[in-house]
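Have a look at the structure below before the remarks.
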Amino acid sequence: MSATEAIAPLEADVYGLDRESKRRWLLDGLNELTRHHRANCPEYGRMVDSLWPASIQAQDLESVPWLPVRLFKMLDLKSVAQEEVSRTLVSSGTTGAAVSRIFLDADTARSQTRALTRIFAEFAGNKRMPMLVVDDDSFLRDRTRFNARAAGILGFANFGRDHKYLLDEQLRPDWDALQAWLERHPDQPVFLFGFTYIVWQSLVMAARRDGRRFRLPHGSLLVHGGGWKKMEEAKVDNAAFKAALHDVLGLERVHNYYGMVEQVGSVFFECEHGHLHSPAYADVIVRSTDDLTPVPNGTSGVIQVLSLLPRSYPGHSLLTEDLGVVHGEDDCPCGRKGKHFGVLGRLKNVEVRGCSDTRTVPTP
C-alpha cells in the first residue's frame, strides 16, 4: 500500500460503515501496516516476530499485534528514515516524567490533519467560525518543542478564524478583551476549544469568581479534551460541566473528545448522547485487566486503539493505560455507525498524562 492509498480510507463516510464492512476494511489496512512497520522499524519487527509470530497476518481485529503505549517513552520507534521526519511530537506528562516521542513524516501528518478535518465537519460543518482558544499563546513563541498541547490547539485552530487566546501565561482570562472580541461577531456562532480542566478552572470558575456572564451567539460550540482526572478530584461530572457552561456562556453544544499524541488524528468525538464514537478508519477494543483478552460490550477493561493513519511510526495498534467500556456498535441513538464507548479513567498506579490533567492552573 502506498502512502496515497493509505489515505484512501479517509474518503469513506466517517460514521457510515456498518460493522462487517468496517471490520474487513480495517483488518486489510492494519495487516498491511503491520507488514510495513515490521519491514521498516527493526525494533518493532523484532517484537512482533518474538511475541506475535502467528499474527503478522491477523485473522481478525482482536489478533492484530499491539504495543503498550508507554513503549514510546522508552524507545524511538520510526518506520521512515530520519531525513523523512518532518515533525516530532512529545506527549504531556508530569514534571520530570518521561515523555513519548512520535515521529511524523509529511504523508502521515497530512493524513492526520485530513482525518481530524473530516471528523470535525461531522459535528460542526465546514464553515470556519470565529474561534476562542481557552488557553494562552506562549507556545507560539517557542516552537522548539512541539508537544501534545500545541498539537491539539494548532490542529483545531485550522477550523477557526479570527483566533482569540483568552488566557495569559498565568492562565488568567482577559474579560474586557473577550467582550470586545465578541462584539465583533455579535450574530455569528463561535467555536471554542480548550483542555477540560483549564476550561473549567480558567473560564467557568473564573467567570463565577469575577461575576462575569456571557451569552454566545446561537449555534456556538465548545470542543474539549485532555483527561478528567482533575475534574473527578473536583467532583465535577460531564453533566455538571455542561450545565455550568450553559449557565456562564449560554452554550448548548459541548463535545468532549478522546485521543492521544501517539495516535493524533484518531480522535473519538462525543455525540449529542454523550457517547464517544469510532470513525471509519479507527476502532477501539476493550480488554480484560486480568489477562488482556477482549471483553464483551458493556464490560469495562483497558482500551486498545486501532488506526489506519500511523505510517511513519508503528502506532497503528496500541494498548493504552485507560479504562473504558464499549456501549454498543451501529446502534447509538445519534444514528452514527461504529462503536460508541466511554472512558472510565486511568489504570491504577500509572501516571496522569493528559493535557488537561498535567498542566497546572495557578490558584488566584
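The values are calculated or read from the model by the stated rules, or taken from the named source; none is laboratory data. This structure is a prediction, so every number in the text was calculated from the model and none was measured. A quick note on method: Cβ atoms are made from the backbone with ideal geometry, for glycine too, and the neighbour counts reach across all protein chains shown. Quick note on the areas: whole protein, heavy atoms, side chains included, nothing else; ligands and nucleic acids left out. Shrake-Rupley method; radii C 1.70, N 1.55, O 1.52, S 1.80 Å.
If Lys and Arg each add +1 and Asp and Glu each add -1, what is the summed charge of the other residues whose beta carbon sits under 13 Å from the beta carbon of residue 174?
-4
Rounded to the nearest Å, what's the spacing between the alpha carbon centres of the range 202-279 and the range 56-81? Just the number, please.
31 Å
So for the chain, averaging the separation of alpha carbon pairs under 8 Å that are six or more residues apart and normalising by length, what relative contact order in percent results?
Working: 710 pairs, mean separation 77.1, N = 364.
Across the chain, relative contact order equals 21 percent.
Solvent-accessible area per residue for the chain at a 1.4 Å probe radius, Å²?
Ligands and nucleic acids excluded, the figure is 43 Å² per residue.
Return the sequence-ordered ³J(HN,Hα) values of the range 201-216 in whole Hz as given by the Karplus equation 6.51 cos²θ - 1.76 cosθ + 1.60 applied to θ = phi - 60°, using x for Gly and Pro.
6, 9, 10, 5, 5, 5, 5, 5, 4, 8, x, 9, 8, 10, 10, 6
Relative to the longest principal Cα axis of the chain, at what angle does helix 106-124 sit, 0 to 90 degrees, rounded to 10?
Taking the Cα atoms of the chain, the angle to 106-124 is about 50 degrees.
Please label the shape of the range 115-250 as rounded, prolate or oblate, based on the square roots a ≥ b ≥ c of the eigenvalues of the alpha-carbon gyration tensor (a/c under 1.5 means rounded; beyond that, a/b larger than b/c means prolate, else oblate).
Rounded is the answer for the range 115-250, as its axis ratio a/c remains below 1.5.
Taking the Cα atoms only, what angle lies between the long axis of helix 19-40 and the longest principal axis of the chain, rounded to 10 degrees?
Result, in degrees: 70.
If you fit an axis through the alpha-carbon atoms of helix 238-249 and take the longest principal axis of the Cα set of the chain, what angle between them do you get, 0 to 90°, nearest 10?
Approximately 40 degrees, to the nearest ten.
Tell me the net charge near residue 256. Cut-off is 10 Å between Cβ atoms, residue 256 excluded, with +1 for each Lys or Arg and -1 for each Asp or Glu.
0
Label-point separation (nm) for residue 214 and residue 187, each offset 7 Å from Cα along Cα-to-Cβ?
Reported label-point gap for residue 214 and residue 187 is 2.0 nm.
Restricting the count to DSSP beta bridges whose residues both fall in the range 192-282, what percent are antiparallel, rounded to a multiple of 5?
The antiparallel fraction comes to roughly 30 percent.
Expressed as a whole percentage, what fraction of the accessible surface of the chain belongs to carbon and sulfur atoms when a 1.4 Å probe is rolled over the protein heavy atoms?
Answer for the chain: carbon and sulfur cover 48 percent of the accessible area.
Check cross-link reach from residue 348 to the lysines: straight Cα distance under 22 Å, and skip same-chain residues fewer than eight apart.
73, 229, 230, 235
Taking the alpha carbon gyration tensor of the range 273-336, what are the square roots of 5 times its eigenvalues, largest first, to the nearest whole Å?
The answer is 20, 18, 8 Å, longest axis first.
Taking H as built 1.01 Å from N, whose amide H comes closer than 5 Å to the amide H of residue 254, not counting residues under 5 places away?
Residues meeting the amide H criterion: 222.
From the gyration tensor of the Cα coordinates in the range 18-83, what semi-axes in whole Å does the equivalent ellipsoid have, largest first, with each one equal to sqrt(5λ)?
After diagonalising the Cα gyration tensor, the semi-axes are 23, 13, 12 Å.
What 222 nm value per residue comes from the helices of the chain, counting each DSSP H run with n ≥ 4 as -39,500 (n - 2.57) and dividing by all residues, nearest 500 deg cm²/dmol?
-8500 deg cm²/dmol
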